[in-house]
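One structure is given here, and the rest of the page talks about it.
Since every read-out is calculated from the coordinates, none of them should be taken as a lab result. From a predicted model like this one, the values you see are computed outputs, not experimental measurements. Don't worry about glycine lacking a Cβ; one is built from the backbone with ideal geometry, like all the others, and counts go over all protein chains shown.
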Amino acid sequence: MTIRSFWRLVYQGTDVGPTEAMAWGMGIVCVVGVGAVIALTIWRTRRTADLARFDRRTISLILLSTPLLLPFCFDYDLLLLAVPVALYASERVTLSTPRDVWLTRSWIALYVWTFVNPGLAGRIDFNGTVLVLGALLALEVRRCWRDTGAGAQSTDLTSTDRHAPRAIRHPWTLSEAA
C-alpha cells in the first residue's frame with residue numbers, strides 16, 4: 001500500500017527480483033510530488049485564523065500520507081489512520097461543512113476496502129488501497145486549501161452569535177428552541 005509497491009505491481013506484477021528502473025522512478029516522482037503538495041499545503045494554511053483547526057488538519061494530512069510515503073507498510077499499519085479519521089469526525093460534528101460529502105464517502109470506502117482487499121488482492125494481484133488513500137489525501141488537501149485565507153470563516157456549531165454566517169446556533173432557552 002505504498003506508492004513504491006503500487007508502481008512495482010503495475011510494472012512488474014508479482015515477479016520476484018529487483019525493482020525495475022521505471023517502477024522505481026515512478027515511485028520516486030510520486031513520493032516527491034505528494035511530499036511537495038503536503039509541504040505547500042502546510043505552508044499555505046499556516047496563517048489560518050483558527051490555529052486549532054490548522055493543527056488538526058496538519059496532523060491529519062501527515063498521518064494520511066504516511067502509508068503512501070513509507071518505503072514499506074503492512075495492512076495492519078493502516079490502524080495509524082484511526083487518528084485522522086477521528087480528527088475528521090470530530091470536526092464534522094462541531095463544524096457545519098456540508099461540502100465534505102466526498103471525503104466522508106472516501107473514508108467509508110477505505111473502511112469497506114480494508115475488509116474486501118485481503119481476499120481480492122490475492123486473486124487479482126493488485127492492491128487498490130493506494131488509490132483510495134490517494135483520493136482521501138487529495139480531498140483532504142482540497143479541504144485545507146478551500147478553508148484557508150482571509151475569507152475563510154469559522155462555522156463553529158456552538159456559536160451564539162445570531163448573525164454568524166452559515167453558523168448553526170444551539171438554542172439556550174425553550175423559547176429560542178420554539
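Would you order T94, T58 from fewest to most other beta-carbon atoms within 10 Å of each residue's own beta-carbon?
Going from sparsest to densest Cβ surroundings: T94, T58.
Points 7 angstrom from Cα along the Cβ direction at L79 and V93: gap in nanometres?
2.2 nm
Subtracting the Cα-Cα distance from 0.36 nm times the residue separation, let me have the gained length for A138 to F115 in nm, one decimal. Provide the component values of the computation, followed by the final result.
Details: separation 23, 0.36 × 23 = 8.28 nm, distance 2.26 nm.
Working it through step by step, the gained length comes to 6.0 nm.
Restricting to Cα pairs below 8 Å that are 6+ residues apart, what does the relative contact order work out to for segment 3-150? Please round to a whole percent.
Averaging sequence separation for qualifying contacts and normalising by length gives 30 percent for segment 3-150.
Once you put a point 7 Å from the Cα of R105 and another 7 Å from the Cα of R146, both along the Cβ direction, what distance in nm separates them?
Going from the R105 label point to the R146 one covers 1.3 nm.
Could you please rank I38, I124, I59, placing first whichever residue has the fewest other Cβ atoms within 10 Å of its Cβ?
Neighbour counts put them in this order, fewest first: I124, I59, I38.
How do M22, M1 rank when sorted from fewest to most other Cβ atoms within 10 Å of their own Cβ?
Ordered from fewest to most neighbouring Cβ atoms within 10 Å, M22, M1 come out as M22, M1.
Taking the Cα centre of each part, how many Å lie between segment 127-145 and segment 21-82?
Segment 127-145 and segment 21-82 have Cα centres spaced 10 Å from each other.
Mind jotting down the three principal axis lengths of segment 3-150 based on Cα atoms? Whole angstrom, largest first.
On the principal axes, segment 3-150 reaches 51, 30, 21 Å in Cα extent.
Take the Cβ-Cβ distance between E20 and R47 as r, set R0 to 35 Å, and report the resulting FRET efficiency rounded to the nearest 0.05.
0.25
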